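Okay, so here's the structure we're looking at.
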Amino acid sequence: MSTHLPFSFSPKSLATRFLAISLAMVSVSTHAVSAEEWDSGVRPFLGRHCADCHAEGADEGGFELSQLGDDLTDSAQFARWEQVYDRVARGEMPPADSDQPTEGQKRDFRVALSRPLAEAHAAEKATVLRRLNRREYQNTLNDLFGTNLDLERMLPEDARSHEFDNVGEALGLSDVHLRRYIDAARAVLDAAIEDFAEPPKVEVLSAWYKDSREAEKHVGKAWKLLDDGYVVRFEGGGYPSGMLRGSSVRKPGRYRIEITGYAHQSEQPITFSVGGVSFARGSEKPIYGFYEFPPGQPTTIELEAWIDERYMIAIEPYGIFDPGRYKRDSVEEYGGPGLAIGEVKLEGPMVDQFPCRGHQMIFEGLDRTEIEPSNPSVRTKSWYRPEFEVRTENARDDGRQVLARVADKLFRRPSSTEELQPYHQLLESQLEQGESLESSLKTAIAAMLCSPRFLFLQEPLGELDSYAIASRLSYLFTRSSPDEVLLSRASRDELARKEVLRKETIRLMADEKFDRFIRDFTDSWLDLREIDFTAPDAKLFPEYDSFLRDSMIKETHAFVREMFDSNLPIRNLVKSDFAMLNRRLAEHYELPLVDSVEIQKVTLPSGSVRGGLLSQASVLKVTANGTNSSPVTRGVWVLERLLGQTPPPPPPGIPGVEPDIRGATTLRELLDKHRDSDNCRSCHSQIDPPGFALEAFNPIGGYRERYRSLGNGDRPERQVRGRRVGYRLGLPVDASGEFGSGASFANFVEFRDQLSKQDARLAKAFVTKLLTFATGRHMGFSDRPEINRIVQDAAKEGYRTTDLLHAVIASHLFQTK
């Protein structure tokens, strides 16, 4: 049966229609500031206090006053004026060595400039349609239809704006998007509509390394076979790998995995990873988790994981090595620790609900029956797939009822008959062409999944109605469509009441899907999505491994979660007396042993350099390349992510400063020369201090007093995995600096302590990030008064994290477009 969409729903025509809708909703501002407004309070101030450095021909910092026009509808002009306002407000301009205006003059200047900036921004900010990004689209369909498809992979990557990939202005819509949406819709419907009359049979696989093909090659050499049938591996990674062929699954799904084993010839537990490997998918090797076996009697660990078709289990020991592996004939000679692995069992695919939610949503109330095969005996054949038909006396009316039910779910609010009319027509045209009711429904529902009402959040200009608030709440906290509770609240218009909104916020934060918020918000805000953008140089950082990489991300997610769970003061973002650690992180940070592979809250020793985001390995890795760190990159990261200040780009023609991994010169020394330029000094006075402080940490988050190099320096005695390291210790690290205010710090700890006292500034930046993520809109000039009010109200309780979140939800900015 054909499920192709008719021409009226082709990608090209849909794209044209969406573009027309978008343009129709954009109100173009023609706001331009009058000469009188500038002459009264703006230009006189600039002439008296800025012209010496920024007049035509004296463009210090790459900035000329002649570049400032008065048309604030021009985004470049607006950004220039906003920059001028901010630098005067922060006291950065005029510079300290210039004649200073009085406080009254600065106040009058800010008042004169703030009104036109606020009006211009307010006229533009509510005009952008907000599309679901890839992650939201995937979550929504999988949640509504009960599927588990990797739809993100099918869609073009979303652009980012102000760190986030859910900001409407960056989420365009192209013909490519629409073609992919049609493909994704068909994939979801095919996966959701069951083609079996009974739940799939749960199968149990049992596999042992001793019975595998690899055992014939490696037992007695790299692997050791024990009398109890357990195979011991003395090293992880490399060859031979931990691939277990007998564990390959035939059907994708969620599997329960049991692995039995113990630490062999060891007094300490041995850590190992459980992952997947497939010859069909090549380099894609997901890790399902890290676990450990204690010494002594065999122990069984259990986990659940989604395993794709033709993937098999791979078990890799961590932290042990066999130094003489290539120097002997038999593994029997080796008496070091090893991981003894016995039976591995897989049970699945596990089915939570049959038929799944999508199937029930579509066929509820319909008589869908298996078509009797002409030869009933074929039902016993492995290749047999039953066919079904929907028995109905009135396919048109039954189909309309289905479309109304599905539309309410997909469109996140009740749909009128008029709004459903195009889908009714599509359903009926398919029926008239001889298509079955099931096939016709699939075509009409696929069209719904490609429609603006599904792909875009329906947010009316001005005050949001309860359904729009329900969607904002849900896409913030669960990253998916509103559940029945929220929609029920919306239908009674209860979300307009503050106490109900607060109660729903608390409920959604307790939902298991709140983990999606922690991951998506944290990864965007802190740029953790770039954790694998660079690979640390194996010679400079041989201790970097998959266990450390996995632990890095988990640490930061757990830390942000703890900030919300315990409603901690915002200063903990910079300085906390605890860290979220496991054994691998404690080892990496040279802290007292944590006796678990699981992340847990640990009280830090007095005087520790750890605690807060700035000393976490994930943050330190994404702000460095694979060989060395850059004070500029890290300084910009601190300003943007924690302090809410975006430095301007470097002036044209100014080359970047690159680190020297040979160890002859530090980047700090190069920056000292770089700042001699007038064009660079003003910005680097803000960027460099936090960047210099973070030089105390290497690109994988280790604390350092000297730089590592591949050239000059002393050879350390350190060994990693039984081999002496190949790097050298070069020049000493200087983590001192001076703030623009004149206050100085001697090391990272002093810097951290001073930064942690800027509670209000940290809270303001954090609230701005939350609002951007929650509304899908960048916070601009006209939003500042409301943000300032939220922060000021939170001061009395110490700027606590969850209090700030509740204030964001209750704010006018969250509840309006």
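What accessible area per residue, rounded to a whole number of Å², is obtained for region 448-545 using a probe radius of 1.4 Å?
39 Å²
Which pairs break 27 Å Cα to Cα here: Lys251/Lys601; Lys217/Lys345; Lys201/Lys554; Lys285/Lys345?
Among Lys251/Lys601; Lys217/Lys345; Lys201/Lys554; Lys285/Lys345, the Cα-Cα distance tops 27 Å for Lys251/Lys601; Lys201/Lys554.
Given charges of +1 on the Cβ of Lys and Arg and -1 on the Cβ of Asp and Glu, with all other atoms neutral, how large is the dipole of region 396-477 about its Cα centre, in debye to the nearest 20?
That gives region 396-477 a dipole magnitude of about 300 debye.
Within the set of other residues whose C-beta is less than 9 Å from the C-beta of Leu568, count the net charge using Lys and Arg as +1 and Asp and Glu as -1.
Within the 9 Å Cβ shell, the charges total 0.
Taking the Cβ of Glu214 as the centre, find all other residues whose Cβ is under 13 Å away and add up their charges (Lys, Arg: +1; Asp, Glu: -1).
+4
Work out the FRET efficiency for Glu797 and Ala404 from their Cβ-Cβ distance, taking R0 = 35 Å, and round it to the nearest 0.05.
Between Glu797 and Ala404 the formula returns 0.15.
Work out the charge dipole of the chain with +1 on the Cβ of Lys and Arg and -1 on the Cβ of Asp and Glu about the Cα centre, then indicate which of Thr603, Val331, Tyr288 is farthest towards its positive end.
It is Val331.
Could you work out how far the C-alpha centroid of region 267-300 sits from that of region 87-162, in angstrom?
Between the Cα centres of region 267-300 and region 87-162 lies a distance of 43 Å.
If the cut-off is a Cα-Cα distance under 22 Å, which lysines reach Lys503, setting aside same-chain residues fewer than 8 apart in sequence?
By straight Cα distance, Lys503 reaches Lys513.
Which percent, to the nearest 5, of DSSP beta bridges fully inside the chain are antiparallel?
95 percent
How big is the gap, in Å, between the Cα center of region 756-811 and the Cα center of region 573-619?
Taking the Cα centre of region 573-619 as reference, the centre of region 756-811 is 27 Å away.
Roughly how many debye, to the nearest 20, is the charge dipole of the chain about its Cα centre, given +1 on each Lys and Arg Cβ, -1 on each Asp and Glu Cβ, and no other charges?
Computed charge dipole of the chain: roughly 1020 debye.
Based on the alpha-carbon gyration tensor of the chain and its eigenvalue square roots a ≥ b ≥ c, which shape applies: rounded if a/c is under 1.5, prolate if not and a/b is larger than b/c, or oblate?
Oblate, since a/c reaches 1.5 and b/c is not below a/b.
Suppose we take every Cα in region 287-422 and form the convex hull; what volume per residue is that in Å³?
Per residue, the Cα convex hull of region 287-422 comes to 262 Å³.
Could you tell me which of rounded, prolate or oblate describes region 203-284, using a ≥ b ≥ c as the square roots of the eigenvalues of the alpha-carbon gyration tensor, with rounded for a/c under 1.5 and, failing that, prolate when a/b is larger than b/c and oblate otherwise?
Prolate shape, in that a/c is at least 1.5 and a/b is the bigger ratio.
Arrange the peptides 198-205, 346-353 so that the one whose residues have, on average, the most other Cβ atoms within 10 Å appears first.
Sorting 198-205, 346-353 by mean packing, highest first, produces 346-353, 198-205.
Each residue of region 789-796 in turn: what ³J(HN,Hα) in whole Hz from Karplus with 6.51, -1.76, 1.60 and θ = phi - 60°, glycine and Pro shown as x?
5, 4, 5, 4, 5, 7, 4, 5
Filter the cross-link list Lys498/Lys575; Lys221/Lys539; Lys125/Lys769 down to pairs whose alpha-carbon distance in this structure exceeds 23 Å.
Cα-Cα > 23 Å for Lys498/Lys575; Lys221/Lys539; rest within.
Taking the solvent-accessible surface of protein heavy atoms with a 1.4 Å probe, what is the per residue accessible area of region 197-343 in Å²?
Dividing the accessible area of region 197-343 by its residue count gives 50 Å².
For region 505-658, what is Rg from Cα atoms divided by 2.2 N^0.38 Å, rounded to two decimals?
1.11
What is the sum of charges around Leu346, taking Lys and Arg as +1, Asp and Glu as -1, for the other residues whose C-beta is under 10 Å from the C-beta of Leu346?
-1
List the residues, sorted by chain then number, that are 5 or more residues from Arg708 or on another chain and whose placed amide H is less than 5 Å from its amide H.
Long-range HN contacts for Arg708: Gly730.
First check a/c for region 296-362, with a ≥ b ≥ c the square roots of the eigenvalues of its C-alpha gyration tensor; if it is under 1.5, answer rounded, and if not, answer prolate when a/b is larger than b/c or oblate otherwise.
The shape class here is prolate.
Which one of Gly172, Gly740, Ala314 is farthest out on the positive end of the charge dipole of the chain, using unit charges on Cβ (Lys, Arg +1; Asp, Glu -1) and the Cα centre as origin?
Value: Ala314.
Rounded to a whole number, what % of the accessible area of the chain do carbon and sulfur atoms account for, probe 1.4 Å?
After summing per-atom areas, the C and S share lands at 49 percent.
Given 10 Å bins starting at zero, what is the percent of C-alpha pairs of region 403-480 in each, up to the one with the largest pair distance?
Percent of Cα pairs in each bin: 18, 44, 25, 11, 2.
The values are calculated or read from the model by the stated rules, or taken from the named source; none is laboratory data. Keep in mind that what you see is a predicted model, and the values were worked out from it rather than measured. Cβ sites come from the backbone with ideal geometry, for glycine too, and all protein chains shown count toward neighbours. Ligands, DNA and RNA are stripped out before the accessible areas are found, and what is left, the full protein with its side chains, is counted by its heavy atoms. Shrake-Rupley method; radii C 1.70, N 1.55, O 1.52, S 1.80 Å.
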